[in-house]
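J.: First, the structure itself, so that you have it in front of you.
No value in this document is a laboratory result; all are computed from the given coordinates. Given the structure is predicted, the values throughout are model-derived calculations rather than measurements. Cβ: placed from backbone, ideal geometry, glycine included. Neighbour counts: every protein chain shown.
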Amino acid sequence: MSDQPKPVSLTEEQRSALQAICRRRKVDALVWKRARAFLLLDEGEDARTVCRILDIGPTVLTEWKLAFAGTGLSFFGLKDYSQRQGHLFAAQETALTEHFTNNPASSADEVCAYILAEYGQSYCTSGAVKLMHRLGFVYKKPQSLPAQADEAKQEAFIAYYEALMTGLGDDEMVMFSDAVHPTHQSRPAHGWFPKDQKTAIKANSGRKRLNIQGALDLGTFQFTFVEAEKINAQTTQQMLEKLERNNPTMTTIHVFLDNARYHHAKILQPWLSNSKRKIKLHFLPTYAPHLNPIERLWGVMHKWVTHNQHYATFNQFTEAILDFFRKTLPDKWQNFRDTVTDNFRVVSFKDYKIVSSQVV
C-alpha cells in the first residue's frame, strides 16, 4: 500500500484538526464519520475499504471529496451539506470576511441577504450566526470613544499622576471627584432567567433625579459626598470643605476632577486661594472620563442598586442610593476594588477599527 499514491493527502494542519474532531467526547455523528473517512484515506486506505469500514456508499465518499476540495476544513462544520442550507467555498468565505470587516452587519438577517444576493446561497438566521462565529465575528456594540480625545494629553496626565503618587507624603491624600445624577427609573439589565418565563420589570413614570457630588479615596475607599437639588460651584465648595473637616491630619488633599464649568467658577477662587486651604485641585484632560476612577464607582452603584430593581417611590429610590454610599460601600469596598482602580490607559483610535457612517 505504501507504493501507491494516497487517495487523499492532508496537510499537518488538516490532519491535526480532523484528529481533534475524532477525539471529541461529543461530536455530530456525521461530522465524525467524515473526519474519520479522510484520516483513513490520508493513511493510504483505498476508497472501497473506507466505505466498508464506515458503512457509506462510494457515491457519498466521492461527493465528500469534491466538497472538501472546494471548502477545506470548513466542510466539517456543516451538519447538512445541501443546497437548501447553502455553503460557501473557501475563497467566498475569505471575501465575506473582508466585506463584513469593512462593512459591519447590523443583524444576521443582513448577513443572509448579502450572501443570497452576492453568492446565490440561502442561509437561515441560525446558519448565518454560526457562519459568522466560525469566521471570527461576534455580535457586540462598538465602544464609544470621545472624538476629541488627545493621546498626548492623556499620556502627560498619567505621567503626572504617577509622579505625584510616587512622591506622596504621609500627610497627603488623593481623591477623585465627580457628580452623579441617578434618575428614578427602572433599569432593565441582563440576567439569568428561566427560558420559558416571560420576564419584565415595572417602569416608573416619574423623571425625578438625585444629585450627588462626591470624592473617592482609592486607597481606603473613603467616600465623601454632598446631596443637593443642583450641582454647582456652591455644592463643590461644600464637598471640598467636608473633605477638609473629615481629614484633619492631612496637610494636602489632592483632588482630581473634570473640567465642568462650576469647577472653574470665579466664586470658588477666593476660598481656594486662602492660605489655610488643604485642597489642591488637579484637572483631568478634556474628553477623558476614563481617567477618573470614580466614574467606575457610578457603574458599580447602578449595578448594585438600580439594575433590575423597581422602587415605587422616589423616597425609596433615594434611600437605596444613599444606603449604598453610606453602608454598602464602606462594608463591601474590597469587593469593588478590582473594578474601581487607577489602572489608567491611553485611549487611542489606532487600537480600534473605527466604524464610520456610510454616505448613500
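J.: Any idea what the relative contact order of region 202-360 is, in percent, if you count C-alpha pairs under 8 Å spaced at least 6 apart?
T.: 22
J.: Given springs between every Cα pair under 10 Å in a Gaussian network model of the chain, which of GLU241, GLU13, GLU229 has the largest fluctuation?
T.: With Cα springs under 10 Å in the chain, the top fluctuation among GLU241, GLU13, GLU229 is at GLU13.
J.: If Lys and Arg each add +1 and Asp and Glu each add -1, what is the summed charge of the other residues whose beta carbon sits under 14 Å from the beta carbon of TRP333?
T.: Net charge around TRP333: +2.
J.: Could I ask something else about it? Excluding same-chain residues fewer than 8 positions from LYS208, which lysines have a Cα within less than 30 Å of its Cα?
T.: LYS208 reaches LYS141, LYS198, LYS230, LYS242, LYS266, LYS303, LYS327, LYS332.
J.: Roughly speaking, what % of Cα-Cα pairs in the chain are separated by over 29 Å, rounded to a whole number?
T.: 62
J.: Which loop chymotrypsin sites (Phe, Trp or Tyr not before Pro) in region 174-240, with loop taken from DSSP, have no more than 14 other Cβ atoms within 10 angstrom of their Cβ?
T.: Filter output for region 174-240: TRP192.
J.: Oh, and also: Among rounded, prolate and oblate, which fits region 16-55 when a ≥ b ≥ c are the square roots of the eigenvalues of its C-alpha gyration tensor, a/c under 1.5 means rounded, and a/b larger than b/c means prolate?
T.: Cα axes put region 16-55 in the oblate bin.
J.: Please identify which residues in region 122-136 have an amide N closer than 19 Å to a label point set 7 Å out from the Cα of THR101, following the Cα→Cβ vector.
T.: So the set is 131-136.
J.: Distances over 14 Å make up what percent of all Cα-Cα pairs in region 82-140?
T.: 49
J.: Please report the projected area of region 1-80's Cα convex hull averaged over all directions, in nm².
T.: The orientation-averaged projected area of the Cα hull of region 1-80 comes to 5.2 nm².
J.: I would also like to ask the following. Which lysines have a Cα less than 24 Å from the Cα of LYS153, not counting those fewer than 8 places away in the same chain?
T.: Correct list for LYS153: LYS280, LYS350, LYS353.
J.: Let me ask another. Using a cut-off of 11 Å between beta-carbons, work out the net charge of the residues near LEU284 (Lys and Arg +1, Asp and Glu -1, LEU284 not included).
T.: With Lys, Arg at +1 and Asp, Glu at -1, the net is -2.
J.: Let me ask something else about it. Just how large is the dipole of the chain about the Cα centre, in debye to the nearest 20, putting +1 at every Lys and Arg Cβ and -1 at every Asp and Glu Cβ?
T.: I would put it at about 1080 debye.
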